[in-house]
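Colleague: Got a structure here, written out as structure tokens. Questions coming.
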Ligand code: ZN
């Protein structure tokens with residue numbers, strides 16, 4: 001990957017960390033879940049409103065490192081408006097993308113802007129930061145009440 005592209009990806013992540021989208025509580029949430037990444041100290045609480053099998057609204061609260069916050073922000077943008085099946089498929093694609101063995105492997109098709117996390121697969125500890133919000137949203141959609149932990 002070129003340095004220019006890596007810089008651009010870095011900028012997008014920093015922007016979402018500085019100005020997280022869909023941040024806050026959702027008072028009319030139909031499901032929610034909390035997730036922790038003890039390794040880094042990241043915490044996220046995801047709230048969803050699901051109507052007729054579609055995510056009509058989503059918000060998150062929490063605190064953590066730049067990658068976890070940016071990932072939560074971009075996760076909410078990606079999942080909003082999706083059907084439950086589409087949201088699960090997106091999680092599977094994203095997870096495969098950031099946990100792949102080789103940076104060169106092209107698994108990013110269809111992930112759109114989520115490709116900015118392409119560099120994290122080189123840092124296993126960072127993968128947990130990047131996937132925390134995704135594991136948490138899955139737990140919420142499956143109505144699992146136990147807290148999510150990456151450990
Ligand atoms: Zn983190």
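Colleague: Tell me, what is the percent relative contact order of segment 3-149, built from C-alpha pairs under 8 Å that lie six or more residues apart?
Modeller: Relative contact order of segment 3-149: 30 percent.
Colleague: Could you give the nm distance between label points at residue 89 and residue 113, where each point is 7 Å from its Cα heading toward the beta carbon?
Modeller: Taking the two extended label points, one gets 2.1 nm.
Colleague: Relative to the compact globular guide of 2.2 N^0.38 Å, what is the alpha carbon radius of gyration of segment 1-142, as a ratio?
Modeller: For segment 1-142, the normalised Cα radius of gyration comes out at 0.98.
Colleague: By DSSP, what percent of the beta bridges with both residues in segment 1-75 are antiparallel, rounded to the nearest 5?
Modeller: Working: 16 of 17 bridges.
The answer is about 95 percent antiparallel.
Colleague: Which one of 32, 52, 15 has the biggest mean-square fluctuation once the chain is modelled by GNM with Cα springs under 10 Å?
Modeller: Residue with maximal mean-square fluctuation among 32, 52, 15: 52.
Colleague: Oh, and also: Could you tell me the calculated FRET efficiency between residue 39 and residue 4, based on Cβ-Cβ distance and R0 = 22 angstrom, to the nearest 0.05?
Modeller: FRET efficiency, residue 39 to residue 4: 0.10.
Colleague: Here's a follow-up. By how many nm would the segment from residue 25 to residue 82 grow when fully extended, if each residue of separation counts as 0.36 nm and the alpha-carbon distance is taken off?
Modeller: Computed gain between residue 25 and residue 82 is 18.6 nm.
Colleague: Report, in deg cm²/dmol and to the nearest 500, the calculated mean residue ellipticity at 222 nm for the chain, where each DSSP H run with n ≥ 4 adds -39500 (n - 2.57) and the sum is divided by the residue count.
Modeller: Details: 4 runs with 63 residues, N = 151.
Here the helix-only value at 222 nm equals -14000 deg cm²/dmol.
Coordinate-derived values only; no laboratory data. Predicted model, so just to flag it, every value in this text is computed and none were measured. All Cβ positions, glycine included, derive from the backbone under ideal geometry; neighbour counts span all protein chains shown.
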